[in-house]
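Engineer: There's a structure below that I have some questions on.
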Amino acid sequence: MANLDYSIKIGGEAGQGINTIGDILSKAFADQGLHLFAYQDYYSRVRGGHNFYQIRIASFPLYSFKDQLEVLIALDEASLDLHSDELKADGIIVYDRENIDPENKNPNSLALPMAELAKTHGGKAVMGNTVAAGAVWQIMGGTPEVLDNVLNRLFQSKGSEIAEANIKAARAGRDYAAENFSGRCSCKLDRGDDGNSMVLTGNEAIALGALAAGCRFMSSYPMTPASGVMQYIARQAGRLPLAFEQAEDEIAAINMSIGAANAGLRSMVGTSGSGFSLMVEGLSYAGVSETPLVILLGQRPGPATGLATRTEQGELLFSIHAGNGEFPRAVFAPATAAEAFWTTAHAFNVAEKYQVPVFILSDQHLADSSLTVEPFDLNAVTIERGDVVEEAEHNKTNDYKRYQITESGISPRAFPGRSRQCVVIAGNEHLESGYSTEDPVTRSKMVDKRMRKLNKLAGEIMPPVSYGDEKPETLLLTWGSTYGACREAVDIANKKDGKLQVVYLPQLWPFPKKRTLEFIKEADRVVTVEMNATGQLGRLLRLETGLLPDHAVLKYDGRPMNAGYVLGELEKGGVSPWQ
């Protein structure tokens, strides 16, 4: 297959069906056997405001988006005004003839009567977005049967008549494009592999990872960008052994999940930064009560409501240090949808084995971006519940101690109501039995017991992942969704003998000090890359190793970075926000 690499942007107002076109084309590209990376940019409103959905497709794996476009689908005038300059010289525009003044059209454009074709062939004007998808599919040379199959699969749940109507609408778009725009697009889609890939967002991958790991309870209060996980899991609650509760607020949400975890269920709570602020007291309760709890923290720009539908990585240090008092925890930050699945499954094991709260740091860019992912091997998902006292064993003793002091700091865990023994779970300082105490000797022993878990946790650290030159002049140190931009920047630079390497930290706490230092020692210059204003990873590096990065590449305007941005900032020299 040719080494193709194309980008398509669909622009318009919220409510115009932008996501429908994007979803149809994304799934069709995947079924065509191509790799894709798609992301959304949207305002926090139901209707109005300029939104877009950008899809990049290639014959090789993708990790980020690029700036230049081969195709622009414009559903309103603003899309032409804002995005025409992003088109390559031979790029094309498909625009809605009913909504856009023909005088604004690019010479290399197709004026598509979306509503008219939709009503004539599909029966309803609302299918105009399906017409647009069909036209673009034809222009780019996609296999017709692939698109028909995708439409049938997407709309079958609404009834066979709706599915057939959408197929007819797409065919009308294809026929119109073939008649009016034949041979004018330089993009040509070859067939790739067998088209067996899934198209998943980060949120969907996190939800699937939780389900595969045996999550049995989730409570949340809706908050972008974590709401997608909540919605996915809520839809499964009726057919899987799973309970979901939309709580009245974030305080109730974390306390419900703590209660479910202490009753013996694998439990999860989801939120964003300002919602997590309300959960901090509950987090501390989970810490002192040694409750295994998975916390999904979907980051977005703050403070307070900030930019509710945009992206940022501003809660790294917050997640590590939140809560009153001192207690162990783990903090993970997956970089891709595939990694989000496996990290989430791992997080449940860590939470239960060490009886600690575990964070999964996501962000809007990871949460809402779609990637092609190979099907997961569910047989590779392991479930490790740690030191659990079985019911029969529990009934043999009259002296169960929920917080028994052990060399590892991990006490055998029993569940209330499953035996004749009393299980006392404490939110204040306590004896081994769980009953409260203010004895200073016991207090010190209990703090030491809890903190000993960090030694065990440190032995299971997910190691840093490197990519690029093994003896780099410049090492890019990063975390979370910025990895994709850094990885592609490394590829671009090293083709020109740039000698770059990216080291990505999937686990940020306990900090992987030893392995990170080994990578740093091989580099002439260290640059952290992250989506915040203060260089939080650089500050964490100094806290844990005493070393400061040489520079930082930062972005905090609410929009994601890509390889072009990273390379441009490196050329400028970066900044030093730690001075």
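The values are calculated or read from the model by the stated rules, or taken from the named source; none is laboratory data. Please read all numbers here as calculations on a predicted model, not as lab measurements. For neighbour counting, all protein chains shown are included, and Cβ atoms are generated from backbone atoms with ideal geometry for every residue, glycine included.
Engineer: Tell me whether the range 357-371 contains one or more residues that are touching a residue at least 60 places away in the same chain (Cβ under 8 Å) and out of contact with any Ser or Thr (no Cβ under 9 Å at 6 or more places or on another chain).
Structural biologist: Among the residues of the range 357-371, at least one is touching a residue at least 60 places away in the same chain (Cβ under 8 Å) and out of contact with any Ser or Thr (no Cβ under 9 Å at 6 or more places or on another chain), which makes the answer yes.
Engineer: Something else: I'd like to check something: does the range 487-506 contain any residue that is modelled with pLDDT of 95 or more, touching a helix residue (DSSP H, G or I) at 6+ places or on another chain (Cβ under 9 Å), part of a loop (DSSP other than H, G, I, E, B) and over 17 Å from Thr311 (Cα atoms)?
Structural biologist: Yes, that holds for at least one residue.
Engineer: Would you mind telling me which numbered condition in (1) under 19 Å from Met140 (Cα atoms); (2) in contact with a helix residue (DSSP H, G or I) (Cβ under 9 Å, 6 or more places away or on another chain); (3) of a type in the set (Gly, Ala, Ser) Ser64 fails?
Structural biologist: (1)
Engineer: When only residues in the range 27-63 that are in a strand (DSSP E or B) and small (Gly, Ala, Ser) count, which is surrounded by the fewest Cβ atoms within 10 Å (Cβ to Cβ)?
Structural biologist: Applying the filter and picking the extreme gives Gly48.
Engineer: Oh, and also: Might you let me know whether the range 158-166 holds any residue that is buried (at least 24 other Cβ atoms within 10 Å of the Cβ) and assigned by TED's automatic domain parsing to the domain that holds Gly22?
Structural biologist: Within the range 158-166 (the criterion being buried (at least 24 other Cβ atoms within 10 Å of the Cβ) and assigned by TED's automatic domain parsing to the domain that holds Gly22), the answer is yes, since at least one residue qualifies.
Engineer: Follow-up. Does any residue in the range 294-313 that is crowded, with 24+ Cβ neighbours inside 10 Å come within less than 6 Å, Cβ to Cβ, of a residue that is assigned to a strand (DSSP E or B) and of a type in the set (Gly, Ala, Ser) six or more places away or on a different chain, and which pairs are these?
Structural biologist: Leu296/Gly270; Gly298/Ser272; Gly298/Ser362; Arg300/Ser272
Engineer: Do the conditions hold for Val94, that is, is it surrounded by 24 or more Cβ atoms within 10 Å (Cβ to Cβ), out of contact with any Phe, Trp or Tyr (no Cβ under 8 Å at 6 or more places or on another chain) and not in a helix (DSSP H, G or I)?
Structural biologist: yes
Engineer: Pull up the range 349-374, narrow it to residues that are among the hydrophobic types (A, V, I, L, M, F, W, C) and out of contact with any strand residue (DSSP E or B) (no Cβ under 6 Å at 6 or more places or on another chain), then point me to the one that is farthest from Phe52 (Cα to Cα).
Structural biologist: Per the stated criteria, the residue is Val356.
Engineer: Residues being more than 12 Å from the chain's Cα centre (by Cα), more than 22 Å from Phe318 (Cβ to Cβ) and not polar (S, T, N, Q): count how many of those fall in the range 349-395.
Structural biologist: Just the residues of the range 349-395 that are more than 12 Å from the chain's Cα centre (by Cα), to begin with: 349-359, 372-395.
From what is left, the residues that are more than 22 Å from Phe318 (Cβ to Cβ) are 349, 352-353, 355, 372-395.
If we keep only those that are not polar (S, T, N, Q) too, we end up with 352-353, 373-378, 380-381, 383-394.
Residues flagged as more than 12 Å from the chain's Cα centre (by Cα), more than 22 Å from Phe318 (Cβ to Cβ) and not polar (S, T, N, Q) within the range 349-395 amount to 22.
Engineer: Also, I was wondering about something else. Please work out which residue is modelled with the highest pLDDT, limiting yourself to the range 436-486 and to residues that are of a type in the set (Val, Ile, Thr) and assigned to a loop (DSSP other than H, G, I, E, B).
Structural biologist: Looking at the filtered set, the residue picked out is Thr437.
Engineer: Applying the selection to the range 158-176, what residues are over 33 Å from the mean Cα position of the chain (by Cα) and closer than 18 Å to Phe29 by Cα?
Structural biologist: Arg171, Gly173, Arg174
Engineer: If only one of Phe376, Phe327 is aromatic (Phe, Trp, Tyr), in a loop (DSSP other than H, G, I, E, B) and farther than 23 Å from Asn203 by Cβ, which one is it? Show your work before the answer.
Structural biologist: On the way: Phe376 fails: farther than 23 Å from Asn203 by Cβ.
None of the others qualify; the one that does is Phe327.
Engineer: Would the range 201-222 turn up any residue that is among the small types (Gly, Ala, Ser), under 25 Å from Ala333 (Cβ atoms) and surrounded by fewer than 21 Cβ atoms within 10 Å (Cβ to Cβ)?
Structural biologist: yes
Residue by residue, here is whether (1) of a type in the set (A, V, I, L, M); (2) in contact with a Cys (Cβ under 9 Å, 6 or more places away or on another chain); (3) not assigned by TED's automatic domain parsing to the domain that holds His551 holds:
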| residue | (1), (2), (3) |
| --- | --- |
| Tyr400 | no, yes, yes |
| Pro412 | no, no, yes |
| Gly417 | no, no, yes |
| Leu431 | yes, no, yes |
| Ser444 | no, no, yes |
| Val447 | yes, no, yes |
| Cys486 | no, no, no |
| Asp491 | no, no, no |
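Engineer: Are any of the residues in the range 515-524 among the aliphatic types (A, V, I, L, M), assigned to a helix (DSSP H, G or I) and closer than 17 Å to Thr482 by Cβ?
Structural biologist: no
Engineer: Now a separate question. Residue under question is Asp148, and the condition is that it be in a loop (DSSP other than H, G, I, E, B), under 30 Å from the mean Cα position of the chain (by Cα) and of a type in the set (D, E, K, R); does it hold?
Structural biologist: no
Engineer: From Leu151, Leu87, which residue is farther than 19 Å from Gly15 by Cα, buried (at least 24 other Cβ atoms within 10 Å of the Cβ) and hydrophobic (A, V, I, L, M, F, W, C)?
Structural biologist: It is Leu151.
Engineer: Scan the range 534-579 for residues that are buried (at least 19 other Cβ atoms within 10 Å of the Cβ), without any contact (Cβ under 8 Å) to a residue 60 or more places away in the chain and in a strand (DSSP E or B) and jot them down.
Structural biologist: The answer is His551, Ala552, Leu554.
Engineer: Which residues, taken from the range 289-324, are among the aliphatic types (A, V, I, L, M), touching a Gly at 6+ places or on another chain (Cβ under 6 Å) and either assigned to a loop (DSSP other than H, G, I, E, B) or over 11 Å from Phe359 (Cα atoms) (or both)?
Structural biologist: First pass over the range 289-324, keeping only residues among the aliphatic types (A, V, I, L, M): 293-297, 304, 307-308, 316-317, 320, 322.
Filter once more, so that each one left must be touching a Gly at 6+ places or on another chain (Cβ under 6 Å): 296, 307.
The answer is Leu307, and nothing else.
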